[in-house]
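Reading through the structure tokens given below for one structure.
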Amino acid sequence: MLCAPVPQAPTLCLRIRRIVTRMRGNAMDTILRNVRIADGPDAQSVDIGIENGRITAIESRLNADARIYDIGGRLVTPGFVETHIHLDKSCILDRLSSGQGGLDAAIGEVARLKREFTPENVYHRARRTLEKCVLNGTTHIRTHLEVDPVIGLRSLEGILPLVQEFRWAMDIEICIFPQEGLLNNPGTDELIVEGLRRGGSVVGAAPYTDSDPHGQIDRVFEIARQFDIDIDMHLDFGPDADSMDMDLVCDLTERFGYGGRVAVGHVTKLSALSPERLTAQARRLASAGVAVTVLPATDLYLMGRHQDHSVMRGVAPAHRLLGEGVNCSLSTNNVLNPFTPFGDCSLVRMANLYANICQVGDPRETAECYEMVTNRAARLLRLPDYGLAVGQSADLAVLDCESRSAAVSEVISPMMAFKSGKRTFYRAPAVMESPRP
Ligand SMILES: [Zn+2]
């Protein structure tokens with residue numbers, strides 16, 4: 001039976017008992033009772049104690065004057081982490097002039113539409129997307145916002161209020177990047193710098209749209225070092241591996257001591273490499289400390305447009321990269337726009353989509369897909385207080401299944417989530433109306 005407590009001010013008696021409990025060293029204001037934190041049918045149930053938004057105990061039979069949620073033996077994991085999502089251009093399907101197109105067409109379509117973007121309509125569309133994220137158990141987001149002389153800083157101005165408004169449910173980090181080129185687009189450089197001064201905390205890139213891709217990569221590293229911030233680039237987005245920018249990114253990462261602070265997204269060209277070349281490239285990424293984000297929905301939708309049969313998948317094999325020591329995440333990228341005209345912001349579904357495309361079926365590997373939308377994604381974002389451990393922030397998701405691999409294989413929707421120990425949503429279990437005997 002799931003507990004849905006009614007918030008109310010604690011009585012004087014209750015407050016005194018809480019103070020006494022704290023003095024005894026067993027401080028908890030919330031307990032998740034009867035949770036499964038390990039995979040498999042034999043996993044023991046435990047309780048999670050929370051005080052002031054942090055996990056204070058993971059033990060059996062915790063007792064305190066606290067708000068109790070009976071989880072009923074369901075799986076509890078850290079909350080979902082979206083490392084790469086474009087809030088500013090989400091939910092624009094109703095404004096498109098054409099239905100189909102590849103990467104260049106999608107960029108062109110958004111370039112046309114964003115002339116009319118205002119901070120207000122960015123705000124309302126992004127809000128709709130963020131609500132979907134909350135209802136899918138997401139507790140952390142890195143959003144990629146584009147700047148250029150056409151859109152200016154209007155996307156940033158639309159998103160900044162949402163960072164505050166959604167703090168109760170998730171942490172939102174902003175990556176500023178030039179979608180339509182940097183060196184070929186005068187004024188963009190100044191806008192990136194201004195965006196970072198006004199709320200951006202990560203710098204991004206899209207070298208494949210620049211007249212000088214390597215010049216853009218050089219400049220992005222320069223900006224990152226100037227602000228002492230991390231880098232998250234769109235990179236090597238194409239159907240073949242004739243030329244790749246990844247080696248330059250690895251070189252600069254090593255030269256500037258930026259290992260662990262650089263991520264690259266898409267890298268669909270990795271899917272075109274032979275096993276030998278893929279292994280070599282993966283080892284290069286691992287030794288440089290460059291992480292990879294795979295964006296299965298967009299990559300599947302946009303790759304292979306030059307083919308009319310046996311269409312390539314074009315999704316980088318993250319599970320192979322993990323095997324060589326590369327940290328990887330899976331993320332949503334686009335929602336209801338020309339880059340990806342689909343999207344429910346479910347990272348469990350994204351993990352399932354990845355597993356299906358990349359032919360990952362072994363339970364140990366599907367469990368790793370779950371890690372790529374939780375713990376591994378958190379490591380990519382360098383979240384300091386994330387994880388299911390005493391002392392960490394109580395950012396948690398509850399799923400009605402026995403294991404992380406089952407969550408991915410069966411596309412289990414989270415039924416509730418917690419941010420800093422406070423429940424952010426609740427989905428009642430479906431009930432069959434079976435006929436009475
Ligand atoms: Zn992107």
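The values are calculated or read from the model by the stated rules, or taken from the named source; none is laboratory data. A quick note: this is a predicted structure, and the numbers were derived from the prediction, not measured. Cβ: placed from backbone, ideal geometry, glycine included. Neighbour counts: every protein chain shown. In case anyone asks, the SASA skips ligands and DNA or RNA and just uses the protein heavy atoms, side chains included. Shrake-Rupley method; radii C 1.70, N 1.55, O 1.52, S 1.80 Å.
Entry remark, the stretch 176-208: residues being in contact with a His (Cβ under 9 Å, 6 or more places away or on another chain) and without any contact (Cβ under 8 Å) to a residue 12 or more places away in the chain number 0 in total.
Which residues, taken from the stretch 165-192, are assigned to a helix (DSSP H, G or I), under 30 Å from F80 (Cα atoms) and among the hydrophobic types (A, V, I, L, M, F, W, C)? Spell out the reasoning first.
If we filter the stretch 165-192 for residues that are assigned to a helix (DSSP H, G or I), which is where we start, we get 165, 188-192.
If we keep only those that are under 30 Å from F80 (Cα atoms) too, we end up with 165, 192.
Residue satisfying the conditions is I192 alone.
Only residues that are in a helix (DSSP H, G or I) and either open to solvent by 10 Å² or more (accessible area, probe 1.4 Å) or away from the ligand (no atom under 16 Å from the Cβ) (or both) were counted across the stretch 286-300, and they come to 5.
Considering the stretch 316-332, and only residues there that are of a type outside the set (A, V, I, L, M, F, W, C) and free of Cβ contacts under 8 Å to residues at least 60 places away in the same chain, the residue that is most open to solvent (accessible area, probe 1.4 Å) turns out to be R320.
Looking for whichever is closer than 22 Å to E180 by Cα, touching a residue at least 12 places away in the same chain (Cβ under 8 Å) and small (G, A, S) here; the options are S243, S211. Which one fits? Every option except S211 fails the conditions. Condition check for M303 on (1) at pLDDT 95 or above; (2) within 16 Å of the ligand (Cβ to nearest atom): one failure, at (1). Here the condition is being over 20 Å from the mean Cα position of the chain (by Cα) and either open to solvent by 10 Å² or more (accessible area, probe 1.4 Å) or not hydroxyl-bearing (S, T, Y) (or both); of R313, R376, R382, it holds for R313 alone. Considering (1) within 18 Å of the chain's Cα centre (by Cα); (2) within 16 Å of the ligand (Cβ to nearest atom); (3) of a type in the set (S, T, Y), the lone condition that S346 does not fulfil carries the number (2). Right, F221: of a type in the set (F, W, Y), at pLDDT 95 or above and within 21 Å of I141 (Cβ to Cβ) or not? Answer is no for this residue. Is it the case that S413 is within 17 Å of E82 (Cα to Cα) and open to solvent by 60 Å² or more (accessible area, probe 1.4 Å)? Yes: the conditions hold for S413. For the stretch 265-279, the criterion of being over 19 Å from C358 (Cβ atoms), in contact with a helix residue (DSSP H, G or I) (Cβ under 8 Å, 6 or more places away or on another chain) and either open to solvent by 20 Å² or more (accessible area, probe 1.4 Å) or polar (S, T, N, Q) (or both) is satisfied by no residue at all. Here V315 meets the list (1) under 27 Å from E146 (Cα atoms); (2) more than 16 Å from the ligand (Cβ to nearest atom) almost entirely, failing just condition (2).
Taking the stretch 24-125 and the strands (runs of 3 or more DSSP E) fully enclosed by it, the elements with 2 or more residues that are in contact with a Lys or Arg (Cβ under 7 Å, 6 or more places away or on another chain) are at 30-36, 45-51, 67-70, 75-78, 80-85. If you filter the stretch 333-343 down to residues that are in contact (Cβ under 8 Å) with a residue 60 or more places away in the chain and either touching a His at 6+ places or on another chain (Cβ under 7 Å) or not aliphatic (A, V, I, L, M) (or both), you find that the one that is farthest from the ligand (Cβ to nearest atom) is P341.
Among the residues of the stretch 139-159, the one identified as of a type in the set (D, E, K, R), more than 22 Å from the chain's Cα centre (by Cα) and more than 16 Å from the ligand (Cβ to nearest atom) is R154. No other residue among D171, D148 is of a type in the set (D, E) and either closer than 19 Å to I92 by Cβ or touching a Gly at 6+ places or on another chain (Cβ under 6 Å) (or both) apart from D148. Filtered by the rule that a residue be open to solvent by 60 Å² or more (accessible area, probe 1.4 Å), more than 13 Å from S271 (Cα to Cα), in contact with a helix residue (DSSP H, G or I) (Cβ under 7 Å, 6 or more places away or on another chain) and assigned to a loop (DSSP other than H, G, I, E, B), the stretch 233-259 gives a lone residue, F256. If you take the residues of the stretch 160-181 that are farther than 23 Å from R128 by Cβ and open to solvent by less than 10 Å² (accessible area, probe 1.4 Å), which of them is farthest from the ligand (Cβ to nearest atom)? Result: G181.
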